[in-house]
Structures are given as C-alpha cells and as structure tokens.
Amino acid sequence: VAGRPDPSVPPSGVSCSGCGAELQCRDGAAPGFLPAEKYRSLSEGPAGVAGLRGAVCQRCWLLAHHGRALRLRLPPEQHRLVVSAALRRPLRHGRGPLLLYLLDLLELPDPLLPQLPQLLGPDVPAAGLLVVGNKVDLLPADSPGHLGRLRQRLAAACAQAGLRGVPLVDVRLVSAKTGFGMEGLVSRLQRSWKCAGDVYLLGATNSGKSTLFNTLLCSDYCKSRAPDIVDRATVSPWPGTTLNLLKFPIINPTCDRIFRRQERLKEEATKTDDQLSSEEKKYLNHLKKQGYFVGRVGRTFQRQKSSAVVDFDPDMLSYSIDEDPRNSSRKCEEREEFTYNEVKDARWCFDTPGIVKENCVVQFLLQVLNLLTEKEVKLVLPTHAIVPRTFILKPGMVLFLAALGRVDYLEGEKPAWFSVVASNLLPVRIATLSNADAIYEEHAGQEFLKVPMGGEERMREFPPLVPQDITLKGIGTSEAVADIKLSSAGWVAVTAHAEENLRLRAYTPKGTALVVRDPPLLPYISTIRGARIAGTAAYRTKKPPSLVENLKTTGKR
C-alpha cells in the first residue's frame, strides 16, 4: 500500500465511487482506504467531507490503471452479509424488489442460484427473479439455434435450483461487455416497472455485474441525467471488486417514453452496415474481435451530442476513473448532483458485491481462481471470443490444460475427440500416460505449462492435482457426450463413437471443483475445427464469424 494511514481520522461516510466502500484513511488493509495526505487534501477544503464525492479508493485506482489488486482483510461471508442486509430492507413503493441474477454461462451449473431464497427475509417476498446468462459473446455457435438451446439450459438450471417463493419472471442471454441482448433486457426490465420496487443485481464474483451496471447506466433504463452524475463501477478480472452497494435511479417508462424508445429501435433495426459512419464501423469491428455476438446499446433520452459515435465503449465503462484518485477543486465545484424532486420517489438499481463461491455447496468447494495470483487470473479468465481446440486421442494419451487440469484417456476401443473450451492464453499439451507425471513435475510452474507461474517455489505452495475417475458412453462422432469442467479453468467436451465406452481420469487442484456436465453446454463443439495437423493429435483451429445484433448486412466483406 502506498501512502500512510492516520488512525486518528474518523471514517468519512462517503462511498468510493468505484466499489462502494466507505472512504477512510485509518487502515491501509481495510476497504475504502485513501492515503492520509490524499484524504486530507480532498476533505479539508471548503466543501469539507463532501469533497470526497466522486473520489475512488486506492484499491480501485490500482485495479483500473495498473491491474494490481490489494489483498484486503475481508472474509468471504462479508459479501453475503452486505447482500442479505440490502435485500431485507423495508419494502419501498409497496412492492418487493426485483432480483436481477447474473450468472456466467461458462460456469454452469451455478452453485449460488439455489441459495437465493436464503438471502431474502421470510417477510420480504421478492417481486420476481430475472435470470441473465452473461458472457454469451465468448462462446462460438456450434450449431444453428444454439442460443435457443443455451436459453433452455439456463431455464433448466433455474428449475433444478428449486427457487421456492421466488417467482421466475424470465431468462435472458446477454453480453454486458459487447452489448448483445442488452436492448431486449432493458425492454424486459421496463415491463416490470408496475409490479416491482427497487432492482438488485446479484451474482457470484466475476459474473460481470459491475459491467452490466455500467452498461445499464448508459442505456434507456436509467434517468437521462444519471450517466453524467453517477460514477462508473470499477471493473476488473480480480474476484470481489465491488465491496458495497452502488446505485443509479431508474427512469419511469411512461407511455410516451416507451413509444419514443420503440421508434428508435425500429429505425436502428433497418440500418445496414453501409449506413454506419466510419467511426461506428471501426468501433463495431473492435467489438467483433472481442466476441462472437455484438449489440448496439443506444439512448433515446439524453442531451444532444455533437458526435455521432456510438456512446458505448466497454473499455471506457471498465476504466473511467481519473488517473489520480484525487479530484481537482475545479472538478468538485462542477460536479452535478440530482435534485430532491428527481430522486424523492425514485426506484433504484443496485449493484451488489459478488458472492464468493467458497464452501457454498459441498460439491462446489473452491474456484481455481481463489488459488491464483493477479497475473495468473488474467491468463485464466477469457476476455475474448474463445477459439475451441480439438484433439483426437487414443487410449493411453493425456491432455493437460496448463498445470490446472489434466484428462487421461485410460480405456476405450477407438480414438475419441477432446475439445478444449478455455482462455486462448492457456496452453494445451498432449502427452502419454508413461511420461505425463514427469512432464508435470518438470514443467509445472514453468513457461511450457504457463499457469501457475513462478517455478518450484510457487508450486511448493500450490495444491497438488487430485484425480477423479469418469465413465462415459459415446453418442456419435459429431455430438459430445459430456463436458469435464476443470473448476473455473475451462472444460473439455468429450466426443466418441456411438455406444463406445470410455474410462477417463480427470485431475484438478486439491480442494477445487471437478464437474461432469451432462448434457454438454456446446454439444457440437468438435465440429468447429479445421484439418488435422499431420503428425500430431491436434486439428487446426477455426474461428466462426461474429454477428452484430439488429444490423442488416449488405453481403459485402
């Protein structure tokens, strides 16, 4: 921690605009810390403690600008307590809260979904639950209609969770980062206005809640002045970035506003790529490099701007904090605030701390992310469209996913296909049963397996890989029978000849979750491949094209 604390200064009562923690300079290891000299320069001016409004804590500043995460003394259950206390507040507007539960599609099945009723008090019934599957942009389309199939899987997960007392309103697929599905989500949320009070964004760490919060803040869901007044939430790959509640006021979807919004959406749906400006094309091409599915998020109700550039940029949403957490006095004086009449009866959308998936269910112990350093997390968490990597293995062969997971093909009559769905930065290595242990001993912690990194010293503290035997029966050479999910590192889809019995052994670090997902999330993933690479077990990779939602193509390339 840079800068000195001053235990004599009381907490400010002002929240960090990035994570929601109360700003303070008493304890450098506690949430909301600002160095004492920065704290005084902001709070001892004419505005007093109010001069801290809009400032960010040192942790958010380091996350946004240097990719560094300060380790805070914050127990995992603290996140749950903040969320639970918020949901147990007295009813506002005579209606219960609408729960907007966000889950990472890559992490299905979600272990926290069945626990939602426990977070609600028995006397505070929720107005409804809207489940949103995020990060759909990272997954390639393995067959026609794959989005409908993913939505069905999401609905099935909700049914299996047994959400008693929490009525399920809808399930949606979105990418909070690229904007895909966001306009449809906004329309669905606006239809819930009359039957719900405040809205709470819930979900596990790293599900993308803060990115969704920032995207909604730049949409028709918030009051027109909110984007100019409410600061963006800090977004980073480090688990548990948001530490307290952040909020923005929701706009009242009157009939006139709904009509104007629908007219804008109809007009935008008729556009072709030739009608876009050069800046818009450049921007969409940038997003298409990041994900398979892209959407344009616009605003009907806003102050007119001279620029025609689409007002939606994930990088800006993620890192919109000033280079210095200290604001200039001029900026403090110019800072806009809501008037009393604007918010006296407002309904609010709250971003809540991500719940840590630690010991939440017996079968889900730890995420492998809990064991990794900052640099390792950046390699493991996919941020761009995942390109599947397929290998054909014979019995006696082994597949390594970095040094975080391993799958052994022990017994079978014929070769089988193993398709890896994980961050493109993680290496996949093929070995044999006879030399697999030696390869792991020699290369774990080194560049060959990449993660973990840090050599022998790092591996001495890293948990050993522990095995779990798996038996599968193939259903055909074009359809996977199951996914072997190696905690949060990714998964391996196994495709085998019909009626072919396979005996496998999969490994993950001790204490982390290994799940056999049946049916697989992308059953036809093995078909997304190029030609076999001569002399190897690998196929050439093949990246499907990207799709822009509600944009007509002219057929030109």
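The values are calculated or read from the model by the stated rules, or taken from the named source; none is laboratory data. Nothing here was measured: the structure is a model prediction, and the numbers come from that model. Every residue, glycine as well, gets a Cβ built from its backbone with ideal geometry; the counts of neighbours run over all protein chains shown. For accessibility, only protein heavy atoms count, side chains too; no ligands or nucleic acids. Shrake-Rupley method; radii C 1.70, N 1.55, O 1.52, S 1.80 Å.
Just read off the accessible area of Arg264 with the full protein assembly in place, 1.4 Å probe, to the nearest 10 Å².
30
Over segment 364-544, what is the relative contact order in percent, taking alpha-carbon pairs closer than 8 angstrom and at least six residues apart?
Normalised by residue count, the contact order of segment 364-544 is 27 percent.
Determine the shape class of segment 402-449: with a ≥ b ≥ c the square roots of the Cα gyration tensor eigenvalues, call it rounded for a/c under 1.5, and otherwise prolate if a/b is greater than b/c, oblate otherwise.
Oblate shape, in that a/c is at least 1.5 and b/c is the bigger or equal ratio.
Can you give me the relative contact order of segment 449-557 as a percent, contacts being Cα pairs under 8 Å and 6 or more apart?
24
Roughly how many Å is it from the Cα centre of segment 136-198 to that of segment 467-499, as a whole number?
One Cα centre to the other: 26 Å.
Express in Å², to the nearest 10, the accessible area of Arg260 obtained by rolling a 1.4 Å probe over the protein heavy atoms while all chains stay in place.
About 110 Å², rounded to the nearest 10.
Hey, can you find the accessible area per residue of segment 364-544 for me, probe 1.4 Å, expressed in square angstrom?
On the way: 7480 Å² over 181 residues.
Value returned for segment 364-544: 41 Å² of accessible area per residue.
For each pair in Lys473/Lys510; Lys375/Lys450; Lys135/Lys543; Lys247/Lys288; Lys394/Lys473, compute the distance between the two Cα atoms and list the pairs where it is over 19 Å.
Correct reply: Lys473/Lys510; Lys247/Lys288.
So how do Trp491, Trp348 rank on accessible area, 1.4 Å probe, biggest first, that is with the largest at the start?
Trp348, Trp491
Could you give me D for segment 364-544, from Stokes-Einstein at 10 °C and 1.306 mPa s, where the hydrodynamic radius is the Kirkwood radius over C-alpha pairs? Units µm² s⁻¹, please.
97
Answer rounded, prolate or oblate for segment 107-178, using the Cα gyration tensor with square roots of eigenvalues a ≥ b ≥ c: rounded when a/c is under 1.5, else prolate when a/b is larger than b/c, else oblate. Show your work: numbers first, answer last.
Details: a/c = 2.47, a/b = 2.18, b/c = 1.13.
The shape class here is prolate.
Which order do peptides 155-166, 216-227 fall in by mean Cβ count within 10 Å, highest first? List each step's numbers first, then the result.
Values: 155-166: 14.8, 216-227: 21.1.
Highest-to-lowest ranking by the protection proxy: 216-227, 155-166.
In terms of solvent-accessible area of protein heavy atoms at a 1.4 angstrom probe, what is the ranking of Val377, Val49, highest value first?
Val49, Val377
Compare Lys394, Lys414, Lys450 by solvent-accessible area with a 1.4 Å probe and give them largest first, with all protein chains kept in place.
The most accessible residue leads, giving Lys394, Lys414, Lys450.
What part of the accessible area of segment 364-544, given as a whole %, is carbon or sulfur when the probe is 1.4 angstrom? List each step's numbers first, then the result.
On the way: 3800 of 7480 Å².
Accessible surface attributable to carbon and sulfur in segment 364-544 totals 51 percent.
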